[in-house]
Amino acid sequence: MVILLASVATMGAALVVAPLAQASYFGTAEDPRGDALDPNPGRDLAAASLFYDRRAGTLTGAVRFHGPPEQAPSFVTLVAGLRTATGCDGYPALGFGSLSDAFSARWLRMNDSSGAGPRGSADKRGGGDAVQQFSVTDRQLAGMRPNCAIATVTDPDNSAIVYDTTGPIALAAQPELAVGLSRVPDVLVASRPRRITVTVRNVGDAATGLVRVRFGLVRGLRTVPRAVTLRSIAPGARRVTNVRVTLSPRSSLRTPLKVRATAGKIEARVEATLHRRQITRPSTGGSSGSGNRGSQLCTRFQPDLSGQTGGSLVLVPC
């Protein structure tokens, strides 16, 4: 994408390192040693990877050179777009650009072949190192569905001089799990089971495969079943299962219910707090120690100290 190379090459800004994002699309590829136009290993790509979350507008990528580029700086771009008959040069496209010896990077979104689109600063780690990482989150990058990526190393002063490329790299859509709980009671009575509903959703862009739902081991908590396997969930779909939970009389008054859903290498977790009803026993009266005597009433003769009557029967705690 010559327009991207020319446009991004003029950008530069300070940056802050950002964490790796959940990927809606992901791709990675290696590149052989010694295939670059320049023999310097700092201009010879070894590998490239790209992660993209289209909902958050998060793009994260990395390139690895066969050697540090400090002595032979270049301009490196990592771009995601759409595959065409001529390569990975379809629009819309989005990506990063940076000098290989710099500690700053820029992102760019191109809506069409004119190169028009928003752009801004990106985070970068590893300026001057053999491994360099880029990341950005911006709503202006959201909503795309790229299916390929390409990394390119060019002369820092002339983008027409291409030292090396990696790609097209296939970007595969990824599933993504979200798990939630409903019908969680405010209070549970000890030894009395209650049913709670677990909903697992696929908010990603590919089918999940089999989903395993597990309930954490906690003292005083019994779950039936302990684990359940759900059929594959299509993108945008969900599956529902139920679990019966029971708190023992000796469980904590606040017991965590931990749920973990996994499908291959992806997972989602949710946790709720189960409150056990605490039964307050009435205080005992007297010294006989015969159970809940303080809650009982007895008839007892009470003399009249005034001498006007012989006395009367009254109800008193016994």
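Roll a 1.4 angstrom probe over the protein heavy atoms and tell me the percent of accessible area of the stretch 141-258 that is carbon or sulfur.
Working: 2810 of 5870 Å².
Solvent-exposed carbon and sulfur of the stretch 141-258 make up 48 percent of the total.
Please list 3J(HN,Hα) in residue order for the stretch 41-57, calculated via the Karplus relation 6.51 cos²θ - 1.76 cosθ + 1.60 where θ = phi - 60°; whole Hz, with x for glycine and proline.
x, x, 10, 10, 5, 10, 6, 8, 9, 9, 10, 9, 10, 6, 6, 8, x
Which net charge results when you count Lys and Arg as +1 and Asp and Glu as -1 among the other residues whose beta-carbon is under 15 Å from that of Ser159?
For residues surrounding Ser159, the net value is -3.
Under a 5 Å amide H to amide H cut-off, with H placed in plane at 1.01 Å, what residues pair with Cys148 once short-range neighbours are removed?
For Cys148, whose amide H was placed from the backbone, the distant partners under 5 Å are Gly81, Arg83, Leu171.
Taking amide hydrogens as modeled 1.01 Å from N in the peptide plane, which residues meet the under 5 Å criterion relative to Phe51, leaving out close sequence neighbours?
Thr60, Gly61
What are the extents of the Cα atoms of the stretch 143-257 along their three principal axes, listed from largest to smallest and rounded to whole Å?
Principal-axis extents of the stretch 143-257 (Cα, largest first): 75, 27, 21 Å.
What's the extension gain from Arg83 to Arg244 if we count 0.36 nm per residue and subtract their Cα-Cα distance?
53.0 nm
Subtracting the Cα-Cα distance from 0.36 nm times the residue separation, let me have the gained length for Asp38 to Ala116 in nm, one decimal.
Taking 0.36 nm per residue and subtracting the Cα distance, the gain is 24.9 nm.
Compute the signed sum of charges (Lys and Arg +1, Asp and Glu -1) over the other residues within less than 12 Å, Cβ to Cβ, of Pro73.
Summing Lys/Arg as +1 and Asp/Glu as -1 gives -4.
Grab the other residues whose beta carbon is less than 12 angstrom from that of Ser121, score K and R as +1, D and E as -1, and report the net.
Local charge sum for Ser121: +1.
Can you figure out the FRET efficiency of Arg145 with His275, using R₀ = 51 Å and their beta-carbon distance, to the nearest 0.05?
After rounding to 0.05, the efficiency reads 0.70.
Please compute the per residue accessible area over the stretch 33-127 with all protein chains in place, 1.4 Å probe, rounded to a whole number of Å².
Solvent-accessible surface per residue comes out at 37 Å².
Suppose R0 equals 51 Å. What FRET efficiency, 1/(1 + (r/R0)^6) with r the Cβ-Cβ distance, do Arg195 and Val131 give to the nearest 0.05?
0.50
Mind listing the phi-derived Karplus ³J(HN,Hα) values for the stretch 87-101, rounded to whole Hz, using 6.51, -1.76 and 1.60 with θ = phi - 60°, and x for any glycine or proline?
Per residue, the Karplus-derived 3J(HN,Hα) values read x, 9, 9, x, 10, x, 9, 8, x, 10, x, 6, 6, 5, 9 Hz.
Out of residues 5 or more away from Ile161 or on other chains, whose amide H comes under 5 Å of its own, with H placed 1.01 Å from N in the peptide plane?
Here Asp155 satisfy the definition.
The values are calculated or read from the model by the stated rules, or taken from the named source; none is laboratory data. Computed from a predicted structure; not experimentally measured. Here the Cβ is made from the backbone with ideal geometry for all residues, glycine too, and neighbour counts use every protein chain on show. For the accessible areas, the whole protein counts, side chains as well, though only heavy atoms, and no ligand, DNA or RNA atoms are used. Shrake-Rupley method; radii C 1.70, N 1.55, O 1.52, S 1.80 Å.
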